[in-house]
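Everything below concerns the one structure shown next.
The values are calculated or read from the model by the stated rules, or taken from the named source; none is laboratory data. Note that this is a predicted model, so its numbers are computed, not measured. Positions of Cβ are backbone-derived with ideal geometry, glycine not excepted, and every protein chain shown enters the neighbour counts. Quick note on the areas: whole protein, heavy atoms, side chains included, nothing else; ligands and nucleic acids left out. Shrake-Rupley method; radii C 1.70, N 1.55, O 1.52, S 1.80 Å.
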Amino acid sequence: MLTRRSTLLGAALGLATPLLPAKAADRTVTIAYQTGAIPYAVGIQDGALAARTGWNIDFRRFNSGAEIFAAIAGGAVDIGDVGSSPLAASVSNGLGVKAVYITAGAGRDEQLIVRNGSGIKSLADLRGKRLAAAPVSTDHYMLLTLLQQEGIPESEVKLFTIPQPQIVAGWKRGDIDAAFVWNPARDELLKDGTSLLTAAQAAERGAATFTALVVTDKFAATAPDFVRSYVAAIDAYSESFAADPTAWTGTSDNVRKIAALLGGEPAALAEQLKDLRYVPLTEQLSTAWLQGGSQSGVAQALASTAEFLKSQQKISRVLSEYGSFVTPDFARPGNASK
């Protein structure tokens, strides 16, 4: 039997009836997500996101934004949840996508973990150590930025740019002294490691990062109503998470569904959710984030990230502007089709 709270939550998330004509057999979209806990994972697990939009959604899980962009470039994915560093690299290399929604700002979900007994007590102690991060990820970008800020040339560390499952395996073998990671790798490394720095602290030092929902230009042009509906649906989960923490505890149905999708213990996943920084939609629709074209916060962050990646020879060029890869149109409530 539904309680009043669950009934209200369902209404808030708009799950009672599809917003679009239900012809799921004729409407299929492939959407990529990653391994970290995030509120809208509930709707992936129980099918509510597909029910809201009236589309058949093929959700696929990836280990990193770089993997998602490879799939987008190959035509296998239409929409993906990615980090700002692989986004900057991909659009600089000519990929046609747009950031339409900020799924999380820099928080505690990504952290630089140092192995206990490694002798690393400060960032300066990274010199000469064995470090790791997923290739061209936000973690990779933050790690390289920290080394630059500390005056440590990349040649003076041993840097492994490998997927997170390989980072965990290398850590367990004792091959890695420190790694910038997100979950589930983060909590695995913390079993015999210590957090030295969070993504939020890296942002305060000038390496601002975020994760965003990106849509291919082709899909955005052919199915704009779906994109708007999907953005509204995932934002409803984030709003619920921010407004009612009691609905996201380790014993809640929401977190049990996330555990069923991603694996792991509900109590640990509930703690991971607390490390996210949800950016309210009103804030996203300001010049601090999506609004303003090349002057928007997202476009400027992409430009500065691209400049850094080029200086590190991770990409070959920086574009004259990045505003064409950002739009508030799909996140604006009630935005009419054009």
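Assuming A133 fulfils every condition listed in (1) out of contact with any His (no Cβ under 6 Å at 6 or more places or on another chain); (2) closer than 24 Å to K310 by Cα apart from one, which condition is it?
Exception for A133: condition (1).
Look at K121 and say whether it is open to solvent by 40 Å² or more (accessible area, probe 1.4 Å), over 17 Å from A207 (Cβ atoms), in a loop (DSSP other than H, G, I, E, B) and not small (G, A, S).
yes
In the set A37, A32, which member is assigned to a strand (DSSP E or B) and crowded, with 23+ Cβ neighbours inside 10 Å?
Sole residue among the options that is assigned to a strand (DSSP E or B) and crowded, with 23+ Cβ neighbours inside 10 Å: A32.
For the range 225-256, what are the residues that are open to solvent by 30 Å² or more (accessible area, probe 1.4 Å) and over 19 Å from the mean Cα position of the chain (by Cα)?
Scanning the range 225-256 gives D225, A243, D244, P245, T246, T249, T251, D253, R256.
For the subset of the range 192-224 comprising residues that are closer than 20 Å to D125 by Cβ and among the hydroxyl-bearing types (S, T, Y), which member is most open to solvent (accessible area, probe 1.4 Å)?
Of everything passing the filter in the range 192-224, T194 is most open to solvent (accessible area, probe 1.4 Å).
Scan (1) farther than 30 Å from D192 by Cβ; (2) open to solvent by 30 Å² or more (accessible area, probe 1.4 Å); (3) in contact (Cβ under 8 Å) with a residue 60 or more places away in the chain for the single condition A76 breaks and write down its number.
(3)
Looking only at the range 307-327, filter to residues that are within 18 Å of the chain's Cα centre (by Cα) and buried (at least 22 other Cβ atoms within 10 Å of the Cβ); which one of those is nearest to I102 (Cα to Cα)?
Selected residue: V326.
In the set P266, P280, which member is over 19 Å from T211 (Cβ atoms), of a type outside the set (A, V, I, L, M) and at pLDDT 95 or above?
After ruling out the rest, the residue left standing is P266.
Can we say Y101 is under 22 Å from L281 (Cβ atoms), of a type outside the set (D, E, K, R) and touching a Leu at 6+ places or on another chain (Cβ under 6 Å)?
Yes; evaluated as a whole, the condition is true for this residue.
Residue check, E154 against (1) in contact (Cβ under 8 Å) with a residue 60 or more places away in the chain; (2) under 30 Å from Y278 (Cα atoms), all met but one. Which one?
E154 satisfies every listed condition except (2).
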